[in-house]
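Inspection log for the structure reproduced underneath, given as C-alpha cells.
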Amino acid sequence: MTDGALARGRATEAAPSTREPLIDVRDMTKVYGEGDTAVRALRGVSLRVQADEFVAIMGPSGSGKSTFMHLLGCLDRPTSGSYRLAGQEVSRLSRDELAAVRNRRIGFVFQSFNLLARTTAQENVELPLLYAGVPRDLRVQRARALLQQVGLGDRLGHRPSELSGGQQQRVAIARALANGAPLLMADEPTGNLDSASSAEIMTLFRELNRRDGITVVLVTHDVSVAAWSNRVVTFRDGLIIDDRPSAEAVPRRVRESMLGTAPALEARP
Amino acid sequence: MSIVNLLRIAWQALRRNITRSILTMLGIIIGVGAVITSMAIGAGAQAAVLAQIESLGANLVVVIPGAITSGGVSLGTGSRTTLKLPDVDAIASTVPDVAGAAPYSQTSAQVVAGGMNWYTVIGGTTPSYTGVRSWSVAQGRFFTSAEVDQAAKVAVLGNTVQQNLFPEGGAVGSIVIIKNVPFRVVGVLAPKGQSGFGRDQDDTVMVPITTLLDRLTGQTWVQNFFVSAVTPEAVPAVVDATERLLRLRHHLTVAQPDDFTIRNIADVQQVRLATSQTQALLLAGIAVVSLVVGGIGIMNIMLVSVTERTREIGLRMAVGARGRDILLQFLVEALTLACLGGLIGIAIGVGTAQGSSALGHWPVIVSPFSILLGFLSSLLVGVVFGFYPAQRAAALDPIVALRYE
C-alpha cells in the first residue's frame with residue numbers, strides 16, 4: 001500500500017502548529033425551536049481533540065451526542081459557543097462556507113454507507129473531488145489509489161449492490177479520505193455490519209489513525225466499538241459527563257475480546 | 001462543478017428511469033412539435049395570401065359598374081353600362097397619384113390555331129394593363145397604343161393557352177381564330193399562376209379593348225377599370241378622387257347614388273391576411289398551452305425525483321456540495337429533459353409540417369426562426385419549471401436529508 005504519500009500532505013495541513021488542537025470546542029450550546037417548546041440539545045459543551053487522536057463518543061439516545069456530531073461535522077451551526085477546527089473558527093460560517101469546510105477538512109462515514117446507487121465504487125470515491133473542482137485525470141488517479149489503499153483495488157467498477165456491507169463501508173471510507181481531510185467522522189460505522197466486517201472496518205480506522213495520523217471521531221452506543229479508540233467521551237442530557245482514556249472507560253475483558261480478533265498492527269510511529 | 005460533470009450527472013439520473021424520462025418529455029415534444037407545425041402552416045398560409053396580393057398587381061383599385069334597378073328589381077352589381085373608355089383616360093390623366101389605369105372587358109370563346117382549339121377567356125384592355133397588373137410578357141411583345149387605336153387584330157396569349165394551342169412553341173407570329181376573326185399573335189404573357197380565388201389567370205388571351213368591343217362583343221361599355229395607385233398609402237385618396245371624377249363625368253346629382261362601385265382589392269386581401277394571421281395565432285396559443293402542460297409535467301417529475309433522492313442530496317451536501325451545486329444539478333437535469341424533448345419536438349414538428357404539405361397540399365414554410373423559437377421555448381420551460389424543484393433540493397437541510405427514509 002502506498003498510503004504514506006497520500007497521508008503526508010494531509011498531516012502537514014492538519015497540524016499547523018505544535019500544540020493547537022484539531023478540534024477546539026468551547027461552551028457550545030444548541031437549542032432547537034423557541035420559547036416554551038425549545039429543546040436544549042446541548043447545554044454548554046467544551047472539548048479539545050488533538051490531531052491524531054481516536055475518540056469514541058458514547059451516550060444514550062437523546063443525550064446530545066448526535067447533535068454534537070453534526071456540529072463537529074459542520075453540518076449545522078451551534079446556537080452559541082465557539083468551534084475552532086484546525087485553527088479556523090467555523091461556528092459562524094455561512095452554509096456555503098460550511099460546505100467548503102466539509103469538503104476539505106472532514107470525511108464522513110455513515111451507518112448506512114450512503115453510497116450512490118448504480119454508481120461505481122470509483123465514481124463514489126470521486127464525488128468529494130468533483131465538488132472540490134479537481135480535474136478528471138487527478139480524480140480518477142486519486143480514487144483508484146484510495147480504493148487500493150482500503151483493499152478494493154480490484155473492485156473499482158463495481159456498484160454498491162455488487163459489494164458486501166463491509167466492502168461498501170470501505171468504499172465510503174475511501175470517499176471520506178478523498179480530499180485529504182485531517183478529520184474522519186463516523187456515525188455508528190459498524191451498525192449494519194456483522195462482527196467480522198466490523199472488526200475489519202475498525203482495524204482500518206485504527207490503521208488510518210495510527211499510521212496516517214488522521215483524527216477519528218466516532219459515535220457509537222456499542223462499548224465494544226469504543227474499545228478500538230484511545231479516548232471515550234460520554235454524553236448525557238446535553239452535557240459531557242465523562243471523558244477518559246478508553247483503557248479506563250472500557251472493561252478489560254471487552255477490550256481483550258475485541259482487540260484479540262484484530263490483525264496485528266505495526267507500531268505507532 | 002463543471003458543466004460537463006453536471007450534464008453527466010443529469011444524463012445518468014435520466015437514464016436510470018428511462019421510461020419516466022420519455023413520458024415526461026412527451027409534453028414538451030408535443031408542445032414544441034405543435035409550435036413548429038402551427039408556425040409552418042401559418043407562415044405558409046400568409047405567404048400564399050401575400051403571393052396572391054402580389055399577383056393581383058400593386059395597390060390595385062377596381063371600378064365595376066353599378067346595379068340597374070328597374071321597377072324595384074335589381075339586376076345586381078355590374079349590370080350597368082355606364083363605364084366608358086374615355087373614363088379610363090380621364091382617370092389616368094387627372095387623378096393624382098395614379099400609376100396607371102386600364103380598362104378590362106372579357107368574353108369567352110373558342111380559340112382555334114391550326115388543328116388545335118381551346119376554350120378560354122378573351123380579355124380586352126390597353127398596354128397600361130401590364131403595368132397595372134404587374135404582368136410581364138415572356139415572348140414577343142404586348143400590343144401597343146397605336147394598335148388599340150386602330151382596333152388591330154392582334155392577340156397576346158396567356159401561358160396556359162399558349163401551351164395548349166402551341167405545344168411545340170412558335171406561337172408568336174402565328175394566326176389564331178376567335179369567333180371567326182383571325183388574330184395575329186404578337187406575344188405570350190409570363191406565367192402568373194392562380195388568382196386569389198383559384199382561377200388560372202394564365203388561361204386567357206388578351207386583345208386590344210377596342211377590337212374586343214367592336215369585333216367580339218359588340219358592347220359600347222367597359223366591364224372594369226383597373227387603377228393602380230403609386231403607393232399603398234395613396235390607395236384611399238385614389239379611390240376618393242376616382243369616385244368624384246366618375247360622378248362628375250356621369251353627371252350624377254348629389255341625390256343620386258354612384259352608378260359604379262370601387263373596390264380596393266388590397267383591402268379585401270388584407271382581411272384574408274389578417275384572418276390567416278389570427279388562425280396562426282390561435283394555433284400558436286394552443287401550442288403554448290401544451291408547452292405549459294409539458295412544463296408542469298417536468299416540474300411534477302422533478303419534485304418526485306428530489307423527494308426520491310433526498311438522501312443523495314444530503315450525502316452530496318455532506319461531502320461538500322454547496323446549495324448552488326445542488327440547484328444546478330437539478331436545474332440541468334430539468335433542462336436536459338426539456339431540451340431533449342424540444343429537439344425531438346422540432347424533428348416531429350418539421351416532419352408533420354412537411355407531411356401535411358405533401359399529403360394535404362397545404363402551403364407550409366418551416367422557418368429557422370420557428371425552430372429557434374421552439375428550442376428556446378423548451379429551454380425556457382425547463383428553466384421556469386425546473387427552478388422550483390431545484391431550489392427545494394438546494395434548500396434542504398443536510399442533516400434532515402441524510403436521515404430521510
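The values are calculated or read from the model by the stated rules, or taken from the named source; none is laboratory data. Everything numeric here is computed off the predicted structure, so don't read it as measured data. With ideal geometry, Cβ positions are generated from the backbone for all residues, glycine too; neighbour counts draw on all protein chains shown. Accessible surface is based on the protein model in full, side chains and every heavy atom, while ligands, DNA and RNA are left aside. Shrake-Rupley method; radii C 1.70, N 1.55, O 1.52, S 1.80 Å.
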- [ ] Before anything else, pin down the relative contact order of the stretch A:112-269: Cα pairs under 8 Å, at least 6 apart, normalised by residue count, whole percent.
- [x] 19
Task: Relative contact order for chain B, counting Cα pairs under 8 Å that sit 6 or more residues apart, in percent - done: 29
Open item on the list: Using DSSP to call loops (not H, G, I, E or B), can you name the trypsin sites (Lys or Arg not before Pro) in the stretch B:110-170 whose Cβ has at most 15 other Cβ atoms within 10 angstrom?
Closed with: B:Arg141
- [ ] With a 1.4 Å probe and every protein chain left in place, tell me how much accessible area A:Tyr83 has, in Å² to the nearest 10.
- [x] 0
- [ ] Take every Cα pair under 8 Å in the stretch B:81-258 that's 6+ residues apart, average their separations, divide by the length, and report that relative contact order as a whole percent.
- [x] 32
TODO: Give the share of C-alpha pairs in each 5 angstrom bin for the stretch A:85-143, from 0 to the last occupied bin, in whole percents, shortest bins first.
DONE: 4, 16, 22, 21, 18, 13, 6, 1
Task: Under-5 Å amide H pairs with B:Ala138, H placed in peptide plane, nonlocal only - done: B:Val188, B:Leu189, B:Ala190
Open item on the list: Net charge around B:Val238, counting only other residues with Cβ within less than 13 Å of its Cβ (Lys, Arg = +1; Asp, Glu = -1)?
Closed with: -3
TODO: May I ask you to order B:353-365, A:214-226 by the average number of other C-beta atoms within 10 Å around their residues, highest value first?
DONE: A:214-226, B:353-365
Open item on the list: Could you derive backbone 3J(HN,Hα) for the stretch B:83-100 from the dihedral phi with the Karplus parameters 6.51, -1.76 and 1.60 (θ = phi - 60°), listing whole Hz in sequence and x where the residue is Gly or Pro?
Closed with: 7, 10, 4, x, 4, 5, 4, 5, 4, 4, 8, 10, 6, x, 6, 9, 7, x
Open item on the list: Quick check on chain B: helices-only [θ] at 222 nm, where DSSP H runs of length 4 and up contribute -39,500 (n - 2.57) each and the sum goes over total residues. Nearest 500, please.
Closed with: -18500 deg cm²/dmol
Open item on the list: Can you compute the modelled spin-label distance between B:Arg263 and B:His361, with each label point 7 Å from Cα toward Cβ, in nm?
Closed with: 2.4
Open item on the list: For a distance above 41 Å, tell me the whole-number percent of Cα pairs in chain B that qualify.
Closed with: 44
Open item on the list: I need the phi-derived Karplus couplings for the stretch B:112-125: 6.51 cos²θ - 1.76 cosθ + 1.60, θ = phi - 60°, integer Hz, Gly and Pro marked x.
Closed with: 10, 9, x, x, 9, 8, 8, 8, 8, 8, 9, x, x, 7
Task: Rounded D (µm²/s) - the stretch B:183-330, Kirkwood Rh over Cα pairs, Stokes-Einstein at 20 °C, 1.002 mPa s - done: 91
Task: Candidates A:Val109, A:Val232, A:Val45, ranked by Gaussian network fluctuation over chain A, Cα under 10 Å, top entry - done: A:Val45
TODO: Tell me, rounded to the nearest percent, the portion of alpha carbon pairs in the protein assembly as shown spaced more than 48 Å apart.
DONE: 49
TODO: Write out the trypsin sites (Lys or Arg not before Pro) in the stretch A:39-138 meeting two conditions: DSSP loop, and at most 16 other Cβ atoms within 10 Å of their Cβ.
DONE: A:Arg92, A:Arg118
TODO: At 1.4 Å probe size, with no ligands or nucleic acids counted, give the accessible surface of B:Thr231 in Å², nearest ten.
DONE: 60
- [ ] Compute the signed sum of charges (Lys and Arg +1, Asp and Glu -1) over the other residues within less than 13 Å, Cβ to Cβ, of A:Ala56.
- [x] -2
Task: Length gained when the stretch B:Val304-B:Leu252 is fully extended (0.36 nm per residue, less Cα-Cα span) - done: 10.7 nm
TODO: State the three equivalent ellipsoid semi-axes of chain A, derived from the C-alpha gyration tensor as the square roots of 5 times its eigenvalues, in descending order and whole Å.
DONE: 28, 23, 18
Task: Per-residue mean of C-beta atoms belonging to partner chains within 10 Å, peptide B:116-124 - done: 0
Open item on the list: Could you work out the pair-distance distribution P(r) of the stretch A:204-249 from its alpha-carbon pairs, with 5 angstrom bin width and percents rounded to whole numbers?
Closed with: 5, 20, 28, 26, 13, 6, 2, 0
TODO: Throw me the Rg/Rh for the stretch B:77-235, computed over C-alpha atoms with Kirkwood Rh, two decimals.
DONE: 0.96
Open item on the list: Bin width 10 Å, origin at 0, all Cα-Cα pairs of the stretch A:140-269: what percent of pairs per bin?
Closed with: 11, 41, 34, 12, 2
Open item on the list: Output wanted: per-residue J couplings in Hz (rounded whole) for the stretch B:375-388, from phi through Karplus 6.51 cos²θ - 1.76 cosθ + 1.60, θ = phi - 60°, x for Gly and Pro.
Closed with: 5, 5, 5, 5, 4, 4, 4, x, 5, 5, 8, x, 5, 4
